[in-house]
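A short write-up of the structure that comes next.
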Amino acid sequence: MRTPIMAGNWKMYKTAREATDTVRSLGEQVAGVTGVEVVVCPPFTALPSAVAAASGSRIAVGAQDCYWEKEGAYTGEISVAMLAELGCRYVIVGHSERRQYFGETDATVDKKIGAVLHQGLTCIGCLGETLQERESGQTFAVLERQVRGGFARHLSASHLVIAYEPVWAIGTGKTATPAQAQEAHAFLRGLVKEVAGPGVASAIRILYGGSVKPDNIAALMAQPDVDGGLVGGASLEAGSFAKIVAGAAQTRKT
Ligand code: PEP
């Protein structure tokens, strides 16, 4: 069985103090939920306070990005070892906002995934098509290019998680229908099978991201190949994220 993950991507929201309050409140609200990994990914500056506030709760903390080198003259960058030392257990890599605004490519995603896994942290590697790519019938070709270019070398690592995030659904309020999500997830699992074999394909967790909300999580999680969510806006408020976590726990597949 694949244990579901609900990961909150806080993007560039929340100071250290705000992160402390949200993590404490979320920790109380998800205390009784079992069978779901709950992760919050605050900005770098709020990581220490989030880790401290999460201590003793069932919340794990992740970062939103990293650099692949261990150390060096890379002004502004943060290594995975630095994140691990703070108590981070997850790192998001290749988010579409990093690809769109900060020049992330399949080649850099490949290096970053390698660095995260090498450090023993769980990597949530993101991919997904734009609206224009979907409308021109290129969805599967884009996903295949992203998997082969950024993920293929790492697929058999048990700490690799794929997040399918159609770009047109991120922050737009436009969620993929459960059928659209399932179609993409099934395609991705099939591709993983082709590249890394059936054992890896049946074990790897594939999260859906894109306007996940408390009222759509159950239908998404009911899909056989959806193993959790990467949640942006609706993870910023503890009450709403706790409802999503509870929804995922209720629809957990056995
Ligand atoms: C995200 O940031 O990964 C995301 C899916 O955002 P939202 O849930 O706000 O669409």
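Just so it is clear, none of the values below were taken in a lab; they were calculated from the coordinates. If you're wondering where the values come from, they're calculated on a predicted model, not measured in any experiment. Backbone-built Cβ (ideal geometry, glycine too); neighbour counts: all protein chains shown.
Numbers for the structure displayed
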{"item": "Of Val226, Ile92, Tyr164, farthest towards positive along the dipole that unit charges on Lys, Arg, Asp, Glu beta carbons give the chain", "result": "Val226"}
{"item": "Distance (nanometres) between label positions extended 7 Å along Cα→Cβ at Thr45 and Leu86", "result": "1.2"}
{"item": "Cβ-based charge dipole, region 13-130, positive-most Cα from Leu121, Phe102, Val30", "result": "Val30"}
{"item": "Of Leu236, Gly210, Ser55, farthest towards positive along the dipole that unit charges on Lys, Arg, Asp, Glu beta carbons give the chain", "result": "Ser55"}
{"item": "14 Å tail of the calculated P(r), region 27-91, as % of Cα pairs", "result": "57"}
{"item": "Spatial separation of Cα centroids for region 144-169 and region 36-99, in angstrom", "result": "19"}
{"item": "Kirkwood-based Rg to Rh ratio, region 95-197, C-alpha trace", "result": "0.95"}
{"item": "The chain - Rg and Dmax from Cα coordinates, angstrom", "result": "16.7, 48"}
{"item": "Estimated distance in nm for a label pair at Thr172 and Thr15, the labels positioned 7 Å out from Cα along Cα-to-Cβ", "result": "3.4"}
{"item": "Percent RCO, i.e. relative contact order, over the chain, from Cα pairs under 8 Å lying at least 6 residues apart", "result": "22"}
{"item": "Charge dipole magnitude, Cβ of K and R +1, D and E -1 - the chain, Cα centre, debye nearest 20", "result": "420"}
{"item": "Net charge of neighbours whose Cβ lies under 13 Å from the Cβ of Ala81, counting Lys and Arg as +1 and Asp and Glu as -1", "result": "-3"}
{"item": "Violating pairs (Cα-Cα greater than 22 angstrom) within the set Lys112/Lys174; Lys14/Lys243; Lys11/Lys243; Lys14/Lys174; Lys14/Lys112; Lys70/Lys112", "result": "Lys112/Lys174; Lys14/Lys174; Lys14/Lys112"}
{"item": "Approximate shape of region 1-134 as ellipsoid semi-axes (Cα gyration tensor, √5λ), whole Å, largest first", "result": "25, 18, 15"}
{"item": "Difference of contour (0.36 nm per residue) and Cα-Cα distance, Thr75 to Ala186", "result": "36.0 nm"}
{"item": "Cα-centred dipole magnitude for region 1-130, charges only on beta-carbon of K, R (+1) and D, E (-1), debye, nearest 20", "result": "260"}
